[in-house]
Amino acid sequence: MYSLIKIHTMQEKQILLRETFNEQYTLVIESEINGVDVYVTSKVQLRFDFHVLKIEKDYIEIRLVQLDNKLLETNSPMVKEVAVISQVFGRMYNELHLTLDHSGKVISVLNYDLILSKWKQTKAEMDQHIAGNPDLQQAIILNDNIFTDPEKIKIAVQANEFFTVYFGSIFGINLPASKSIPGTNIFNTANITWNMKIEAPVYLSHLSESIRVSTKFLPKDSFTSGFHNTAYKQFEDKININNLNVKLEQTETRQIDFSKGKLEKATISKLEIADEKKLYNIVNYSMLSDSEQRNEQKTI
């Protein structure tokens, strides 16, 4: 077993998973999208059981079980239909046994055989519903392509919202930090470079309890007509995409028990406004541990 004391001594400037623990989390995702002539809102609640099993020098072993997935609110029948299909196909990833690096990136999927068996079972159950349902046909084709390739499974697992909200970009690096990283806009229609700035307490110690870490992403470059034509081309017959005042940013705040690397709560806000009335995309994530929720209730 790699010495945790050695990790503390060498990497006091880094947030790391330092102790094994088991915790439950509630994640709420709220979105509001205006696509000129399509306006969609939704609110989804997910529940997770997160178990850190082992901490070694080069990896962390974890189990992540999705306990629940509820569509709480939406103004769109289409979102309801998509949610049903997503829940059906998402069952393959409800139980994950993984190794991660210390930044939260997936190294290996240890229960690949279980995931594959779930897919085979789900596919067999769906066969009777495929006829006349092109969306279901496409979903099965897409998943067939994924489940024949273990590397694609890793990518799909990494995209789990839990890892995005829990780890973000703040684990396993010296803090505070500032750097440029490649990415996309919130609509996911154009590649851009983000300037990322992470603010953390000046002195981090393994003796610390709760600390607050803030991350802000802003576009590195100003928006040109080339960006407008790439990002909003699908709307060019509905609005003047060359006359847009684009606002694009992402802010993240996390409260973490530094001594354990245990997330207590987190909020993420993603915002892209091309036109305040006609074209924008706003997504908010809020995750709270059951332990922190109990603590907050005691103080009320």
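The values are calculated or read from the model by the stated rules, or taken from the named source; none is laboratory data. Predicted model, so just to flag it, every value in this text is computed and none were measured. With ideal geometry, Cβ positions are generated from the backbone for all residues, glycine too; neighbour counts draw on all protein chains shown. All accessible areas refer to the heavy atoms of the entire protein, side chains included, with ligands and DNA or RNA removed. Shrake-Rupley method; radii C 1.70, N 1.55, O 1.52, S 1.80 Å.
Things to note:
- Scan the stretch 220-229 for residues that are of a type outside the set (D, E, K, R) and surrounded by fewer than 12 Cβ atoms within 10 Å (Cβ to Cβ) and the total you get is 4.
- Cross-chain or 6+ apart pairs with Cβ under 6 Å, the stretch 18-33 first and under 16 Å from Asp49 (Cα atoms), then surrounded by fewer than 17 Cβ atoms within 10 Å (Cβ to Cβ): Asn22/His51; Gln24/Asp49; Gln24/Asp290; Thr26/Arg47; Val28/Gln45; Val28/Ser286
- The residue that is farthest from Gly104 (Cα to Cα), among those in the stretch 268-295 that are surrounded by 15 or more Cβ atoms within 10 Å (Cβ to Cβ) and among the acidic types (Asp, Glu), is Asp275.
- When Ser259, Ser169, Ser222 are screened for being in a loop (DSSP other than H, G, I, E, B) and more than 30 Å from Asp58 (Cβ to Cβ), only Ser222 passes.
- Remark: Lys298 matches the filter, which requires a residue to be assigned to a helix (DSSP H, G or I), open to solvent by 50 Å² or more (accessible area, probe 1.4 Å), closer than 30 Å to Asn22 by Cα and not hydroxyl-bearing (Ser, Thr, Tyr).
- Any chance Ile146 is without any contact (Cβ under 8 Å) to a residue 24 or more places away in the chain and within 23 Å of the chain's Cα centre (by Cα): yes
- Among the residues of the stretch 101-113, not a single one is open to solvent by 50 Å² or more (accessible area, probe 1.4 Å) and of a type in the set (Gly, Ala, Ser).
- Residue within the stretch 258-267 that is over 24 Å from Val44 (Cα atoms), charged (D, E, K, R), buried (at least 16 other Cβ atoms within 10 Å of the Cβ) and in contact (Cβ under 8 Å) with a residue 12 or more places away in the chain present: yes
- Residue ID - nearest to Thr267 (Cα to Cα), chosen from residues in the stretch 198-219 that are among the charged types (D, E, K, R) and surrounded by 14 or more Cβ atoms within 10 Å (Cβ to Cβ): Lys216
- Within the stretch 230-257, the set of residues being open to solvent by 70 Å² or more (accessible area, probe 1.4 Å) and at pLDDT 90 or above comprises Thr230, Lys233, Gln234, Glu236, Asp237, Lys238, Asn240, Asn245, Lys247.
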